[in-house]
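For reference, the structure is listed below as structure tokens.
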Amino acid sequence: MPGGADIVVAGAGAIGSAVGFVLARAGHGVTVVDPAPPGANASGVAAGMLAPGFETLFDAASADHYALLAEARDLWPELAAEIGLPLARDGALAISARDEVRAWAERLRALGAEARLITPDSEPALLPPGAWAVFAPGDWRLDPGAALAALRRAAERFGARFAAGRVLGFDGRDVAVEGAPPIAAERLVLATGAARDLAGLAPALATLAPIKGHILRAAGAFAAAPVIRANGIYLCRAAGEAVLGASMEPGRADTRVDPAVVRRLLDAAAPLLAQLGPLDWRAAAGVRAATPDGRPLVGEAGAGGVVLAVGARRNGWLLAPLIARAVLDLVEGRPQRASDAAFDPARLATAPG
């Protein structure tokens, strides 16, 4: 598109920041608008998983989405190198009894993911006594705070502007922002997470359901290590920090920390935490957005010039570059790719029932 278009992106989480960067890099005039301070969103609270294997294995809503999730993961190395973001590529372990672990390994291999069995005798230092594990080297992780900052810096280098405010509406020419002058734009991209207050512009937002998630962090002298999954939780260790999560609380849209949920997470993780010693855990909660079929909504919305980029469930970071590419394709009029079609909001309007 010669000269580029003026585009407002509502939302500065993982998806909005990635969209803002990709559009600005392509020569479009971009303003990213978010009412919250940087990082004060579900993306900032998240663990930063880039884990197509175990997300497909352990999240029923993603059971048929491995190819899409792996395609998104494979976009991350180039993007991370471009914005100067390290990726933690230590892989991930899922721990359980022998038969269950063997079944997990078979399922991962059937999906096309690399998987290796770890027995109690082969690498005992990695496992609780008597446990087995499957190792998925293709499941990675990033630091969410560092990623948000890196995407913003990179977008700003290409001329993008970030502004505080809440988008209220769009008439095809100007984006209305609470407490600020309108912003002239040809397109409005909604990367607004679980918020549904702009459903008048994009009726498909009404299909989103909130899922609250608690996550815990503790500082300590940790070395980088594979993510460990067991008992329905995960434990991440990176330089200076451990991350424990995450609850899945469908239908809840508040960010209040619930001590009972925190206690359940710590109890489930007790066998993994014993070797770490006492830690001062800090709890936070974020709200994710989910669609009925577990795939995000990316594409034209109801109002002219409005584009959706929402509903990534618990894979916002993983899917961010794939969603950003889909938005760029749409804005620049390219033919729809297979992944774009999988995210098209029209699928929900035409779905049976």
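Would you please give the FRET efficiency between residue 332 and residue 67, computed as 1/(1 + (r/R0)^6) with r the Cβ-Cβ distance and R0 = 25 Å, to the nearest 0.05?
It comes to 0.55.
7 Å from Cα along Cα→Cβ at both residue 206 and residue 346: what's the point-to-point distance in nm?
Going from the residue 206 label point to the residue 346 one covers 2.0 nm.
Taking θ as phi - 60°, what are the ³J(HN,Hα) couplings along the stretch 176-193 by the Karplus curve (6.51, -1.76, 1.60), each to the nearest whole Hz, with x for Gly and Pro?
7, 10, 4, x, 8, x, x, 10, 5, 7, 8, 9, 10, 9, 9, 10, 9, x
Rounded, prolate or oblate: which one fits the stretch 81-237, using the alpha carbon gyration tensor with axes a ≥ b ≥ c (rounded when a/c is under 1.5, else prolate when a/b beats b/c, else oblate)?
Prolate is the answer for the stretch 81-237, as a/c is 1.5 or above and a/b outweighs b/c.
Measure nothing fancy, just the Cα-based angle from helix 14-25's long axis to the longest principal axis of the chain, in degrees from 0 to 90, nearest 10.
Taking Cα atoms only, the helix is inclined about 50 degrees.
Taking 51 Å as R0, compute the FRET efficiency from the Cβ-Cβ separation of residue 164 and residue 102 and round it to 0.05.
0.50
Could you work out how far helix 66-83 tilts from the main Cα principal axis of the chain, as a 0 to 90 degree angle to the nearest 10?
Taking Cα atoms only, the helix is inclined about 70 degrees.
With axes computed from alpha carbons, what is the tilt in degrees of helix 144-157 against the longest principal axis of the chain, rounded to the nearest 10 within 0 to 90?
With both axes taken from Cα atoms, the answer is about 30 degrees.
With θ set to phi - 60°, apply the Karplus curve 6.51 cos²θ - 1.76 cosθ + 1.60 along the stretch 27-35 and write out the HN-Hα couplings as whole Hz, x wherever there is a Gly or Pro.
x, 8, x, 10, 10, 9, 10, 8, x
Once you sort the root eigenvalues of the Cα gyration tensor of the stretch 149-213 as a ≥ b ≥ c, which label holds: rounded (a/c under 1.5), prolate (a/b larger than b/c) or oblate (the other case)?
On the way: a/c = 2.09, a/b = 1.22, b/c = 1.72.
Taking the square roots of the gyration eigenvalues as a ≥ b ≥ c, the stretch 149-213 is oblate.
In a shell of Cβ-Cβ distance under 15 Å around residue 329, excluding residue 329 itself, what net charge do Lys and Arg (+1) and Asp and Glu (-1) give? If you can, show how the numbers build up before the last one.
Details: positive: 25, 187, 325, 334, 337; negative: 71, 300, 332, 340, 344.
For residues surrounding residue 329, the net value is 0.
Counting Lys and Arg as +1 and Asp and Glu as -1, what is the net charge of the other residues whose Cβ lies under 12 Å from the Cβ of residue 46?
+4
Under the rule of -39500 (n - 2.57) per DSSP H run of 4 or more residues, summed and divided by the residues of the chain, what mean residue ellipticity at 222 nm is obtained, to the nearest 500 deg cm²/dmol?
On the way: 10 runs with 110 residues, N = 353.
Counting only the DSSP helices, I get -9500 deg cm²/dmol.
Under 20 Å from a point placed 7 Å out from the Cα of residue 275 along the Cα-to-Cβ direction: which residues of the stretch 233-264 have their backbone N that close?
233-246, by backbone N distance to the label point.
Could you tally the net charge around residue 241, taking each other residue with its Cβ under 11 Å from the Cβ of residue 241, Lys/Arg +1 and Asp/Glu -1?
+2
With a cap of 14 neighbouring Cβ atoms within 10 Å, and only residues DSSP puts in a loop, list the GluC sites (Glu not before Pro) found in the stretch 133-196.
Within the stretch 133-196, the qualifying GluC sites (Glu not before Pro) (loop, at most 14 other Cβ atoms within 10 Å) are 178.
What does the C-alpha gyration tensor say about the overall shape of the stretch 292-353? Classify as rounded when a/c is under 1.5, otherwise prolate if a/b is larger than b/c, or oblate.
Oblate, since a/c reaches 1.5 and b/c is not below a/b.
Pop the C-beta distance of residue 255 and residue 225 into the FRET formula with R0 = 30 Å and round what comes out to the nearest 0.05.
After rounding to 0.05, the efficiency reads 0.55.
Multiplying the sequence separation of residue 81 and residue 180 by 0.36 nm and subtracting their Cα-Cα distance, what value in nm do you get? Present the calculation step by step, with values, prior to reporting the outcome.
Numbers: separation 99, 0.36 × 99 = 35.64 nm, distance 3.55 nm.
Extra length available between residue 81 and residue 180 comes to 32.1 nm.
By how many nm would the segment from residue 197 to residue 6 grow when fully extended, if each residue of separation counts as 0.36 nm and the alpha-carbon distance is taken off?
66.4 nm
A short reminder: the numbers here are calculations on the coordinates, not readings from a lab. What you see is a predicted model, and the numbers here were worked out from it, not measured in a lab. Neighbour counts run over all protein chains shown; Cβ positions are idealised from the backbone, glycine included.
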